[in-house]
Amino acid sequence: MATSSLDWGAAANEEEKEMTAKLTNINLQNKEEPPPWMVPSEEPPVTTPEEGLAESVEDSEKISAAEKSLLQKVIRKGLVENHHDLEVQRKDPNSPLYSVKTFEALNLRPELLKGVHAMGFDAPSKIQETALPTLLSDPPQNMIAQSQSGTGKTAAFVLAMLSRTDVSKNYPHVVCLSPTFELAIQTGEVAKKMAKFCPHIKIRYAVRGEEISRGTQINDHILIGTPGKLLDWGTKLRCFDLTKVEVFVLDEADVMIATQGHQDQSIRIHKLLPKTCQMMLFSATYDEDVMKFAEMIIRNPVVLKLHREQQSLDNIKQHYVVCKSKEDKYRSISNIYGVLTIGQAMIFCHTRKTASWLAETMSREGHAVALLSGELEIEQRINIINRFREGKEKVLITTNVMARGIDVEQVTMVVNFDLPVDQSGRADCETYLHRIGRTGRFGKSGVAINLVDGPRSMQVLQYIENHFKRPILRLDAEDVDEIEKLNKDD
Ligand SMILES: Nc1ncnc2c1ncn2[C@@H]1O[C@H](COP(=O)(O)OP(=O)(O)OP(=O)(O)O)[C@@H](O)[C@H]1O
């Protein structure tokens, strides 16, 4: 965000004043009794499938692993902290692994080091500490590295790619495979930023929309592209020689194998590379399929694995608000809107229809909200996420399907307009934790507000409360004092 913390503080004060002014209009006299279904039920927390579930399935069909990964990248503001030790699963006993605490210790070319610092990177991240010395060492070593999204993998392999680029070789000798057009562009942008002070390094995209005629020889040093296009350029059109590639990176291996046809194409490219080519494979997840694929592609690798930081509800104040209907839920959100917008908030709805309805209703009433939904084109999604990340919108309404797998660190408040349930209507504790929990963000607190509108959702809430053994306290969304307290750390 462009605003300084001082500006932000002033803006927050201003908003708080406005909020209090708005809230003073609320009639506190007519508090109603809780509905009869509020009495805790002994029944098991299984509910019948909720209305509209089919819609959310429809949503899920529209968002692929690649899109999720992309949205996650776009929304992220910086490194994801990880306090785990890096696990080195396999290494060559003849070449000891070492790690570095500074970028200076890597003996990078000065203009590259300048580029790294210009990006604001002061010290290597956890995965970079160990991966980089190995990736840059001679003779080159192969690597398989897995760590969750946001831990610095892209920056690590881009630095290795640039470091190994020899501008005297005017042909592609560094190749990076990405699962989609958009992901390739993201990587290319990181490479261009990092190579800001290396004007002679030429980077080219091999993605849809980039055309080249048969036999034209590419003289760029680095190619970043999707498997189909790279295979086409390397074999059918013969625009570069795959046998001259010295560094081969396979990014987002987990997304790659989830994308139809990419696995085979990647293997075909790999078969044409020389034995001496340094191969690196990166993945955010680590399961059997990814490993099988990785082993097929990467010979004698060093395998690095960084365990995912556990999310917890420790610093989260959890509340629930009793509502009677969808409209009542909306009123509750309106009442707390002022508090939501002091920081940033996400509101989760079960279906696309509800999310759209809520966004429309809130906008009509003059509340500034953004809607991230399945109907949108990927460019529109990126645009919305960018605006939210930059703080242009303070409240993002979305469905779980759209937001699954996306960590939005800057969000201080999460509202479950609908509680998360699985396909059969049971409490989905994992999704709840993912929406609300925090990882490794010590000292940073957050607030979760669950809107409960009937016996079924009350059961779900109670199940979640029992599951995590953390109290979820009742909140009166009409009580100004209670609402004001939400935003205070105590
Ligand atoms: N050493 C560093 N210091 C500070 N910030 C960093 C460092 N390395 C990377 N970053 C920043 O952290 C964020 C995540 O890094 P990066 O994209 O490399 O992670 P990733 O593991 O590749 O994530 P994904 O799996 O989503 O691609 C980026 O905004 C990047 O600019």
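For the subset of the range 144-173 comprising residues that are of a type in the set (Val, Ile, Thr) and touching a residue at least 40 places away in the same chain (Cβ under 8 Å), which member is nearest to Thr216 (Cα to Cα)? Ranking the candidates gives Val167 first. Among the residues making up the range 283-317, those that are within 30 Å of Cys429 (Cβ to Cβ), within 16 Å of the ligand (Cβ to nearest atom) and surrounded by 14 or more Cβ atoms within 10 Å (Cβ to Cβ) are Ser283, Ala284, Thr285, Tyr286, Val290, Lys305, Leu306, His307, Arg308, Glu309.
You will find that of Leu177, Leu183, the residue that is within 16 Å of the ligand (Cβ to nearest atom) and in contact with a strand residue (DSSP E or B) (Cβ under 9 Å, 6 or more places away or on another chain) is Leu177 and no other.
Within the range 174-211, the set of residues being part of a loop (DSSP other than H, G, I, E, B) and either of a type in the set (A, V, I, L, M, F, W, C) or surrounded by 20 or more Cβ atoms within 10 Å (Cβ to Cβ) (or both) comprises Ser178, Pro179, Thr180, Ala195, Phe197, Cys198, Ile201, Val207. A Cβ distance below 7 Å, combined with a sequence gap of six or more or placement on separate chains, defines the contacts here; from the range 174-189, residues that are free of Cβ contacts under 8 Å to residues at least 40 places away in the same chain reach residues that are open to solvent by less than 10 Å² (accessible area, probe 1.4 Å) in the pairs Gly188/Ile224. Here Tyr337, Tyr330 are screened, and the one residue that is at pLDDT 90 or above and within 27 Å of Arg456 (Cα to Cα) is Tyr330. A count restricted to the range 220-240 and to residues that are within 22 Å of Ala160 (Cα to Cα) and not in a helix (DSSP H, G or I) stands at 8.
Quick check: anything in the range 241-260 of a type in the set (D, E, K, R), closer than 30 Å to Ser64 by Cα and in a loop (DSSP other than H, G, I, E, B)? Looking through the range 241-260, at least one residue is of a type in the set (D, E, K, R), closer than 30 Å to Ser64 by Cα and in a loop (DSSP other than H, G, I, E, B).
Which residue is modelled with the lowest pLDDT, if the candidates are limited to the range 395-413 and must be in contact with a Gly (Cβ under 9 Å, 6 or more places away or on another chain) and closer than 17 Å to Tyr330 by Cβ? Per the stated criteria, the residue is Thr399.
Sub-7 Å Cβ pairs linking a first residue in the range 383-403 that is surrounded by 19 or more Cβ atoms within 10 Å (Cβ to Cβ) and among the hydrophobic types (A, V, I, L, M, F, W, C) to a second residue that is in a helix (DSSP H, G or I) and modelled with pLDDT under 80, at least 6 apart or interchain, are Ile385/Leu71; Ile385/Val74; Ile385/Ile75; Val395/Leu340; Val401/Ser56; Val401/Asp59; Val401/Ser60; Met402/Asp59, ordered by first then second residue. Out of the range 130-154, which residues are crowded, with 21+ Cβ neighbours inside 10 Å and part of a helix (DSSP H, G or I)? Residues satisfying the conditions are Thr130, Ala131, Leu132, Thr134, Leu135, Lys153, Thr154. The residue list Gly425, Gly446 contains one member that is buried (at least 17 other Cβ atoms within 10 Å of the Cβ), under 12 Å from Gln318 (Cβ atoms) and of a type in the set (Gly, Ala, Ser), which is Gly446. Summed over the range 323-350, residues that are outside any helix (DSSP H, G or I) and open to solvent by less than 30 Å² (accessible area, probe 1.4 Å) total 11. Exactly one residue out of Lys169, Lys153, Lys192 is more than 30 Å from Asp287 (Cα to Cα) and within 16 Å of the ligand (Cβ to nearest atom), and it is Lys192.
Within the range 318-339, residues that are of a type in the set (A, V, I, L, M) have Cβ atoms under 7 Å from residues that are in a helix (DSSP H, G or I) and at pLDDT 90 or above in these pairs: Val321/Ser332, counting only partners at least 6 apart in sequence or on another chain.
For the range 261-305, residues that are more than 15 Å from Asn142 (Cα to Cα), part of a loop (DSSP other than H, G, I, E, B) and at pLDDT 85 or above total 2.
Exactly one residue among Lys126, Lys62, Lys77 is open to solvent by 60 Å² or more (accessible area, probe 1.4 Å), within 16 Å of the ligand (Cβ to nearest atom), at pLDDT below 70 and within 19 Å of the chain's Cα centre (by Cα), and that residue is Lys77. Restrict the check to the range 351-368 and report whether at least one residue is open to solvent by less than 20 Å² (accessible area, probe 1.4 Å), out of contact with any Phe, Trp or Tyr (no Cβ under 7 Å at 6 or more places or on another chain), farther than 30 Å from Glu81 by Cβ and not in a helix (DSSP H, G or I). Among the residues of the range 351-368, at least one is open to solvent by less than 20 Å² (accessible area, probe 1.4 Å), out of contact with any Phe, Trp or Tyr (no Cβ under 7 Å at 6 or more places or on another chain), farther than 30 Å from Glu81 by Cβ and not in a helix (DSSP H, G or I), which makes the answer yes. State the number of residues belonging to the range 458-471 that are over 27 Å from the mean Cα position of the chain (by Cα), of a type in the set (A, V, I, L, M, F, W, C) and within 14 Å of Leu313 (Cβ to Cβ). Matching residues across the range 458-471 total 0. Within the range 256-280, being open to solvent by less than 10 Å² (accessible area, probe 1.4 Å) and in contact with a helix residue (DSSP H, G or I) (Cβ under 6 Å, 6 or more places away or on another chain) holds for Met256, Ser266, Ile269, Met280.
Please find, among Ile201, Ile222, Ile212, the residue that is farther than 22 Å from Ser137 by Cα and away from the ligand (no atom under 16 Å from the Cβ).
Ile212
The values are calculated or read from the model by the stated rules, or taken from the named source; none is laboratory data. Just so it is clear, the model here is predicted, and its values are computed rather than measured. Methodologically, a virtual Cβ is constructed for each residue, glycine included, from the backbone with ideal geometry; neighbour enumeration extends over all protein chains shown. With ligands, DNA and RNA removed, areas are computed over all heavy atoms of the protein, side chains included. Shrake-Rupley method; radii C 1.70, N 1.55, O 1.52, S 1.80 Å.
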